[in-house]
Amino acid sequence: MASYDFKEIEQRWQRTWADQGMYRVPNPGDEGFDPSKPKMYILDMFPYPSGAGLHVGHPLGYIGTDIFSRYHRMRGANVLHPMAFDAFGLPAEQYAVETGVHPRITTDRNLENYTRQLKAFGFSYDWDRSFATTDPDYYKWTQWIFLKLFDSWFDVDLQTARPIPDLVAEMEAGEKDADGVAWHNLAPADRATYLDSQRLAYIDEVAVNWCPALGTVLANEEVTAEGRSERGNHPVYQRPLRQWMLRITAYADRLLDDLETVDWPLSVKTMQRNWIGRSEGAHIVFEVEGHGQLKVFTTRPDTVFGATYMVLAPEHPIVDEITTDSWPEGTKPSWTLGIDDPATAIEAYRLAASRKSELERQIEERDKTGVFTGAFAVNPLNGEDIPIFVADYVLMGYGTGAIMAVPGQDERDWEFAEAFDLPIVRTVQPPPDFTGDAYTGEGPAMNSGFLDGLDINDAKSKTIAWLELNGAGAGTINYKLRDWLFSRQRYWGEPIPILHGPNGELRAVPLDELPLRLPEIDDYSPNVSDDENADPTPLLVKAEDDWKYVDIDGVTYTRELNTMPQWAGSCWYYLRYLDPNNEAELVSEEAERYWMGDDGVDLYVGGVEHAVLHLLYARFWHKVLNDLGFVGTAEPFGRLFPQGYILADAFADSRGVYVPADEVVEAGGEFTYNGEVVTRHYGKMGKSLKNSVNPDDIFDEYGVDTLRLFEMFMGPLDTSRPWSTRDIVGVHRFLQRLWRNFVDEETGEIMVSDEPSQGDLNVLLHRTIESVTTDMENLHFNTAVARLFELNNALVAEPLVPADIASVFPRLLAPLAPHIAEELWQRLGKEESVVVAPWPVYDEELTAVDMVTMVVQVNGRVRDRIEVPVGITQEQAVTLALASERVQAHTGGADPRKVIAKLPNVVSLVV
RNA sequence: GCCGGGAUGGCGGAAUGGUAGACGCGGUGGACUCAAAAUCCACUGAGCGCAAGCUCGUGGGGGUUCAAGUCCCCCUCCCGGUACCA
């Protein structure tokens, strides 16, 4: 049998490659390592192995990186192309709770299934470097990094993380003090408290996102704009809690600045910049009669003369203190909610504000509401008394939770001032034709005393200088970025290796006791609740006492019972691949320096949904490790390439519930499921839309090579594209045609000539090498496939495949469809695998052709096409063009007024 | 609202300012076959024309240019992100 038996071929080569360890790559110092080759680190975002298994959308990026890896292997690089699994986290735990099976068991089962599916794609991973983040040998080092964070502080002067003992030394030497208090004046307990407050991993009481339905708190990055959990879409409540925090804000500027140094798409850089949210401006201090000072942040210090009132967030701690006993004279009825005393009015307002969070937040036009506190502050620039309001358009989580309101230059303040009948003063002169309300544009200052006439920038710096001189404020920079909330109350995560002493002292678990293993417990279901006032309780309270309590020198310590968030394990996995079995170090310096080189990972492909979560967290950890000397680059991922998604039709019934898309039938323009009419939607392929296509089914019918080619041929790697099973036959036909071109299906003999290709076919061959090579470099796999189609089609007319094409074609195809490429390569009698065969080179003399089609245009319209030699002179070209009958029909035989020639492609005549 | 990215045949998509629609799917016709599948050949943006050929055509409107899918201005719609961030 000599027809194209893709199943037999694919399975046989996958076995052979595995047996031969074809994709194993040695480290420096290992046997077989070749230091003369360049290194290439090609990384996928590793998957979260869910119970549903892979669908054809998941591996889109994996196919891309595999092609790129195979291409670079053939180009002679040491290619590191690994794969592992991100297996801690909520979904695994939720699934375990649903099925009543321990997450360790379900996770192992999912890992096995994912591994099988990924191997079936023929990916060239070095599986010897694989691991799961749930392996104790792995999370030992996740915990180790946490302890490094715990044992480090951020030196603002040097803008770097340093070990805590350095801080102690500088304190003892008197070079630094603890917030103004000298070290030797501090009691030992206060010293410890101070040090704890300086750590990169620290405990603080902060307003956190508490999600009772998930039974855990969440990071800001895990909460949607609507105030719901990213996972599961449950309500999230703000609530003050003592939690572990990571000091990512210390790195805000470096995370921002170093974006300039990486080759990432602008869209992802912009998302990170917006998330960090750096704003330059000033703190300004307003005196409140009898109550000290109120600090605001503003980006427009130039407009202080127009600050006609102030607004505090409803939760601002000073509100209760400054609220007066009764409304002062001049209080307008609209400022009081119609309530007689300020304290009651503010209480009522706060209640109303907290109630409306859910529904009314969605309303586009948010009417300005608020209530007067009864108190006044003094505008430091003009000495005027201005009323202080409470209003929910000011957020406690940004800046200082208080603003100076400048209605003349701020649209929100204008709306509030209109609604509450407050004075409006323009401090920037709008252009004469300006008809709007608040004016936020450029212009000279007005109504602003000593600032009048200055443009915005000069007015800003002059105001800041005045504030600093008069002790009323200072220039400052504000960030939207908050520190990273790092505690979770769930079971299925890395235990945080900290012990709590009887007096609250913190003690790191000794490094030689890592990994601190997750204890076995009987009931790992989370403490969920639909009551927002329920207390978050870490699940590990259910652990046995001999795990929870530790005696050291007669003192009983309690273990930290929170676990780490999902993102911890993925923050550094790309480093563990470099040296996965190292028991003594996270990664050896030699391996790290070699594989990370100067710019880190050479290509990182994954979904853009990680733009501000994983990619920001990982950059943060990497910078800490860099500061502490454990890694050699400032950035982990030199080049990032976000892949598109595979989309597919999805169908919902009349209740809006999705039905299995593969059981929907179309008839007469209508879609039905079990006889019921359903409506068609369109979206990302996945479990929730019930429109997944299982790759196993495609392998069965068409084979691995077909699916790989098909997914690449559908379109550019970075754009989303709709799945259409119908279209697969195209690439499958290509492979069958290729097979028939090379192999006689009757006899099974290879049909290859001893003679090389001639003429046009030879030119086509070299042009194909040229364009496929360029496409490989640029990840344009869709057009690379198209070029191979063309070469294949040209072979149909040849009784035998010319020798040079027989040698080149399997190699050009090998990165894309490795199995059939290897089979043909071996049938040609090659000794070595096509996996390590050298990438073909083209002959530039052949790609630079000698004849070309010259276009002749008359008045900008194409009127004739003439075959000409590439070296044609302008004179010859014009003579040829004018001699053309078709051209004469449009010029009327007249001489052109003007001739533009871009030889040899175009002659353009103007008559 | 703001930021980023898009809009090209029936469909997926190609096109360093220089032949728009490569390549594939689908479709039409033909060859082979008792027939079908598979395969092979031809055609396939729209309109007019017997034909040679002509006109129109890359979301819409203007502009620059001998020449615009590509560059500039304005607008519409779609996708992603973000949103009372002071």
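The values are calculated or read from the model by the stated rules, or taken from the named source; none is laboratory data. Since we're looking at a predicted model, the values are computed, not measured. Reconstructed Cβ throughout: ideal geometry from the backbone, glycine too, with neighbour counts over all protein chains shown. Just so you know, the surface numbers come from the protein's heavy atoms only, side chains and all, with ligands and any DNA or RNA stripped out. Shrake-Rupley method; radii C 1.70, N 1.55, O 1.52, S 1.80 Å.
Taking the C-alpha atoms only, the angle from helix A:188-198 to the longest principal axis of chain A is near 40 degrees. When all alpha-carbon pairs of the stretch A:844-911 are counted, what percent fall beyond 20 Å? Roughly 23 percent, once rounded to a whole number. Among A:Gly383, A:Ser771, A:Gly292, pick out the residue whose Cα is farthest towards the positive end of the charge dipole of chain A, where Lys and Arg carry +1 and Asp and Glu carry -1 on C-beta, about the Cα centre. Of the listed residues, the answer is A:Ser771. Extending 7 Å from the Cα toward the beta-carbon at both A:Thr476 and A:Gln293 defines two label points whose distance is 1.0 nm.
For the peptides A:562-574, A:321-333, the ranking by packing is A:562-574, A:321-333, with the highest mean count of neighbouring Cβ atoms within 10 Å listed first.
If you bin all the Cα-Cα distances of the stretch A:415-562 at 10 Å, starting from zero, the percentages per bin are 9, 21, 18, 9, 11, 19, 12, 2. For the stretch A:139-179, dividing the convex hull volume of the Cα atoms by the residue count gives 68 Å³ per residue. At 1.4 Å probe size, with the rest of the protein present, what percent of the exposed accessible area of the stretch A:658-772 is carbon and sulfur atoms? So the carbon and sulfur contribution to the accessible surface is 45 percent.
Give the relative contact order (percent, whole number) for chain A; include only Cα pairs under 8 Å separated by 6+ residues. It comes to 14 percent, rounded to a whole number.
Checking the a/c ratio against 1.5 first, then a/b against b/c, what shape does the Cα gyration tensor give for the stretch A:28-185? Taking the square roots of the gyration eigenvalues as a ≥ b ≥ c, the stretch A:28-185 is oblate.
Taking 21 Å as the straight-line reach from the Cα of A:Lys7, the lysines in range (excluding those fewer than 8 positions away in the same chain) are A:Lys119. Solvent-accessible area of the stretch A:562-641 (1.4 angstrom probe, protein heavy atoms only): carbon and sulfur portion equals 43 percent. Classify the stretch A:726-785 as rounded, prolate or oblate from the Cα gyration tensor: take a ≥ b ≥ c as the square roots of its eigenvalues, call it rounded if a/c is under 1.5, otherwise prolate when a/b beats b/c and oblate if not. In terms of gyration-tensor shape, oblate. Shape class for the stretch A:1-103: oblate, because the ratio a/c of the largest to smallest gyration tensor axis (alpha-carbon atoms, square roots of eigenvalues) is 1.5 or more and b/c is at least a/b. Using the alpha-carbon atoms, what tilt in degrees (0 to 90, nearest 10) does helix A:103-120 show relative to the longest principal axis of chain A? Once rounded, one gets 30 degrees.
When you work out D = kT/(6 pi eta Rh) for the stretch A:162-264 at 10 °C and 1.306 mPa s, using the Kirkwood radius from C-alpha pairs as Rh and the Stokes-Einstein form, the result is 95 µm²/s.
Note on A:Asp137 and A:Lys687: the model spin-label points, each 7 Å out from Cα along the C-beta direction, lie 2.9 nm apart. In a DSSP loop and with at most 15 other Cβ atoms within 10 Å, there are no chymotrypsin sites (Phe, Trp or Tyr not before Pro) in the stretch A:161-213. Under Stokes-Einstein, with the Kirkwood radius over Cα pairs as Rh, the value for the stretch A:350-464 at 37 °C and 0.692 mPa s is 205 µm²/s. Pairs from the table (A:Lys332/A:Lys460; A:Lys295/A:Lys332; A:Lys176/A:Lys623) lying more than 29 angstrom apart at Cα are A:Lys332/A:Lys460.
Take every DSSP beta bridge whose two residues both sit in chain A; close to 80 percent of them are antiparallel.
Across the stretch A:1-30, the residues whose backbone nitrogen lies under 16 Å from the label position 7 Å along the beta-carbon direction of A:Arg827 are A:1-13. Rg ratio for chain A: its Cα radius of gyration over 2.2 N^0.38 Å, N being its residue count, equals 1.17.
Rounded to the nearest 20 debye, the dipole magnitude of the stretch A:431-534 is 340 debye, with +1 charges on Lys and Arg beta carbons, -1 on Asp and Glu beta carbons, and the Cα centre as origin. Across the stretch A:455-470, rounded Karplus estimates of 3J(HN,Hα) from the backbone phi angles (6.51 cos²θ - 1.76 cosθ + 1.60, θ = phi - 60°) give 7, 4, 5, 5, 5, 4, 5, 5, 5, 4, 4, 5, 4, 5, 5, 9 Hz, Gly and Pro being marked x. Net charge dipole, the stretch A:228-376: roughly 640 debye, given to the nearest 20, about the Cα centre with Cβ charges of +1 for Lys and Arg and -1 for Asp and Glu. A 1.4 Å probe run over chain A, with the rest of the protein chains in place, finds 45 Å² accessible per residue. Nonpolar atom fraction for the stretch A:402-469, defined as the carbon and sulfur part of the 1.4 Å probe accessible area, stands at 50 percent.
Can you give me the angle between helix A:136-150 and the longest principal axis of chain A, using Cα atoms only, in degrees from 0 to 90, rounded to the nearest 10? Tilt of helix A:136-150: around 40 degrees.
The mean sequence separation of alpha-carbon pairs under 8 Å and at least six residues apart, normalised by the residue count of the stretch A:581-733, gives a relative contact order of 21 percent. Mean sequence separation of contacting Cα pairs (under 8 Å, at least six apart), scaled by the length of the stretch A:8-118, corresponds to a relative contact order of 30 percent.
When you count the other C-beta atoms within 10 angstrom of each residue and take the mean per peptide, A:512-525, A:278-291 line up highest first as A:278-291, A:512-525.
Between A:Phe450 and A:Thr435, the distance separating the two model label sites (each 7 Å from Cα on the Cα→Cβ line) works out to 4.0 nm.
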